[in-house]
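Taking it in order: structure first as structure tokens, then the write-up.
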Amino acid sequence: MPRVRRGSKRVQRRKKILQQAKGYWGTKSKLHRAAKEQVIKSLAYAYRDRRQKKREFRSLWIIRIGAAAKQHEFSYSRLVSGLRKAGVALDRKSLADVAVRDPNGFKQLVETARAATAK
């Protein structure tokens, strides 16, 4: 079997891993094996959490809309249903923004939804 002479490639590969592990605590930023394990784990967490972030924001918007609707004696589900029946095409992100920044505008949306559910 022929001898493998890695030379600089091996050093470059290890250096790349240690660069990615920069800022990690203790051994995880100093030793190649520990750094490699942590970098792999960190990349997996990053991939997972990019998807979780979307879920968390959607639930935050729903909580904000629900809280604002409760101030007007209206439930979240009836509000969303009423807005859909009234033909108001606002997504949850926009609704939550209106609820936080423009209480009067949100009140008008609640009245619109209330009128649509009363029909």
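Values quoted throughout were computed directly from the atomic coordinates according to the rules given, and no laboratory measurement underlies them. Small disclaimer: the values here were computed from a predicted structure and weren't measured. Using ideal geometry, Cβ is built from the backbone for each residue, glycine included, and neighbour counts are taken over all protein chains shown.
Key figures for this structure:
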{"item": "Cross-link pairs LYS54/LYS93; LYS53/LYS93; LYS28/LYS54 - those with Cα-Cα distance over 20 Å", "result": "LYS28/LYS54"}
{"item": "Estimated distance in nm for a label pair at GLU56 and ARG114, the labels positioned 7 Å out from Cα along Cα-to-Cβ", "result": "3.6 nm"}
{"item": "Mean separation of Cα contacts under 8 Å (6+ apart) over length of the chain, as relative contact order %", "result": "19 percent"}
{"item": "Cα-based convex hull, the stretch 63-119, per residue volume (Å³, whole number)", "result": "62 Å³"}
{"item": "LYS107 versus ARG84: modelled label distance in nm, points set 7 Å from Cα along the beta carbon direction", "result": "2.8 nm"}
{"item": "Peptides 19-25, 97-103 ordered by average Cβ neighbours within 10 Å, highest first", "result": "97-103, 19-25"}
{"item": "log10 of Debye I(q)/I(0), alpha-carbon scatterers only, for the stretch 9-118 at 0.13, 0.14 Å⁻¹", "result": "-0.59, -0.62"}
